[in-house]
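The values are calculated or read from the model by the stated rules, or taken from the named source; none is laboratory data. What you see is a predicted model; the values in this text were computed from it and never measured. Here Cβ is always computed from backbone atoms with ideal geometry, including for glycine, and neighbour counts include all displayed protein chains. Keep in mind that these areas ignore ligands, DNA and RNA; they rest on the heavy atoms of the full protein, side chains included. Shrake-Rupley method; radii C 1.70, N 1.55, O 1.52, S 1.80 Å.
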Amino acid sequence: MHPQALFHVFGQPVYAYGICMAVGIIACFIFLMWAFWYRNFNEEASDKILIIGILATAFGIFMAMVFQSLYDYIEDPSEGFRLNTSMTFYGGLIGGVSSFLIVWNLYIFVIAPRAKSKLLQNNMNATLTDALPIIPMGITIAHAFGRLGCFFGGCCYGAPTDSWIGLPCAHGYNAELGMTMDGVNVIPVQLMECIFLFILTGIMIVLYFKFNFNCNFGVYAIAYGVWRFIIEFFRVDHRGSFIPGLTPSQLWAIVMVILGIAYFFLYKYLFKRMMKHPELQPSLHAKGGEKAEETPAE
């Protein structure tokens with residue numbers, strides 16, 4: 001754990017948490033760039049998905065702060081609503097996904113059909129439905145590094161424990177426990193979630209690239225929703241309140257599982273028909289326009 005600033009740049013402190021977040025976001029987009037290239041997305045499809053993704057990521061970070069501030073306000077309205085730097089993952093996920101879908105559909109259905117500039121026209125050889133099996137892998141990569149940052153920062157920590165698994169990875173004063181957490185061995189839920197997310201990334205990579213499985217978004221939503229609902233029982237850090245008996249994250253975890261199940265039906269009856277399958281189109285990488293030999297998953 002290292003909650004203190006590692007160094008300063010132009011007088012501004014740089015923390016391990018911030019570095020891990022930055023590394024995670026960069027690793028996410030590098031992976032997405034490679035995956036789109038490997039699956040034969042043309043340059044326009046890759047660039048537009050990634051540009052909108054970067055904008056959605058920035059908005060997601062903002063919404064992660066808004067959600068946590070809202071939870072704090074609901075719990076104690078006396079201090080008024082104040083935007084702080086504390087963040088919650090679900091706020092970032094909801095904000096990022098919703099903003100991406102809004103901008104994407106605005107471009108596809110409003111801007112591109114009316115655009116006279118070739119730059120704004122839609123000449124992509126892939127749709128968002130082709131990217132959906134890939135995007136969850138990028139999310140889990142970024143999230144895993146983010147949880148590693150939580151470990152260094154001492155936030156999102158588990159309950160105090162005397163077992164062998166305990167690590168001093170909590171920071172600050174816990175009002176509910178009435179104790180300072182620095183130096184206290186706690187369940188390292190941050191590392192546990194980091195490992196889980198990397199394993200989930202590996203599973204989705206195998207499913208998609210080896211078996212052409214196109215429902216990774218459903219797998220991600222269900223797997224992470226179940227994981228997050230369970231791991232919340234082992235956390236004691238302050239997360240705000242929303243509905244009695246459930247933490248805010250447990251409520252969103254239930255929603256996430258429901259959406260994950262719904263995704264399988266959406267894919268079967270809608271998304272599957274909307275895919276362009278760029279991996280089956282003439283290769284942009286091989287000489288002579290050779291076609292890939294892969295077949296889409298049923």
Unsatisfied cross-links (Cα-Cα over 23 Å) in the set LYS210/LYS272; LYS48/LYS268; LYS48/LYS118; LYS118/LYS276; LYS48/LYS272: LYS48/LYS268
Gained length - HIS2 relative to LYS116, 0.36 nm times residue gap less alpha-carbon distance: 35.7 nm
Percent RCO, i.e. relative contact order, over the range 26-163, from Cα pairs under 8 Å lying at least 6 residues apart: 31 percent
Dipole magnitude of the range 1-152 about its Cα centre (Cβ charges: Lys, Arg +1; Asp, Glu -1), debye to nearest 20: 480 debye
Solvent-accessible area of TYR157 with every protein chain in place, 1.4 Å probe, in Å² to the nearest 10: 10 Å²
Unit charges on C-beta of K, R, D, E only; dipole of the range 105-198, Debye: 780 debye
The range 131-200 and the range 209-269: distance between their alpha carbon centers, rounded to Å: 17 Å
Estimated vicinal HN-Hα couplings, Hz - the range 118-123 in sequence order (Karplus 6.51, -1.76, 1.60; Gly, Pro = x): 4, 4, 9, 6, 9, 10
Beta bridge orientation in the chain: antiparallel %, DSSP, nearest 5: 100 percent
The range 178-293: relative contact order in percent, alpha carbon pairs under 8 Å with at least 6 residues between: 22 percent
GNM flexibility winner over the chain from PHE211, PHE151, PHE198 (Cα, springs under 10 Å): PHE211
Distance between modelled label sites at SER283 and PHE234, nm, 7 Å Cα→Cβ extension: 4.5 nm
Identified option (computed Rg/Rh (Cα atoms, Kirkwood Rh); candidates (1) 1.01; (2) 1.05; (3) 1.10): (1)
Charge-dipole axis of the chain as Lys and Arg at +1 and Asp and Glu at -1 on Cβ define it, positive-most pick from PRO77, VAL226, THR140: THR140
Accessible area in the full protein assembly, largest first, 1.4 Å probe, for SER283, SER117: SER117, SER283
Where a label projected 7 Å from the Cα of GLN12 along Cα→Cβ would reach, residues of the range 38-58 with amide N under 19 Å: 55, 57-58
Cα point-scatterer Debye curve for the range 1-111, base-10 log of I(q)/I(0) at q = 0.11, 0.21, 0.22 Å⁻¹: -0.51, -1.15, -1.19
Mean separation of Cα contacts under 8 Å (6+ apart) over length of the chain, as relative contact order %: 20 percent
Per-residue [θ]222 nm for the chain (sum of -39500 (n - 2.57) over DSSP H runs n ≥ 4, rounded to 500): -18000 deg cm²/dmol
Highest-MSF residue in the chain out of LEU50, LEU167, LEU120 [GNM, Cα springs under 10 Å]: LEU120
Those residues of the range 139-156 whose amide nitrogen sits under 19 Å from the label point placed on VAL226, 7 Å along Cα→Cβ: 140
Candidate residues TYR263, TYR269: accessible-area rank, largest first, probe 1.4 Å: TYR269, TYR263
Heavy-atom accessible surface of the range 72-158: percent carbon and sulfur, 1.4 Å: 66 percent
Potential lengthening between TYR173 and ASP76 on full extension [0.36 nm per residue; Cα-Cα distance subtracted]: 33.1 nm
The chain, dipole about Cα centre (Lys/Arg Cβ +1, Asp/Glu Cβ -1), debye to the nearest 20: 1040 debye
Accessible area in square angstrom per residue, the range 119-221, 1.4 angstrom probe: 39 Å²
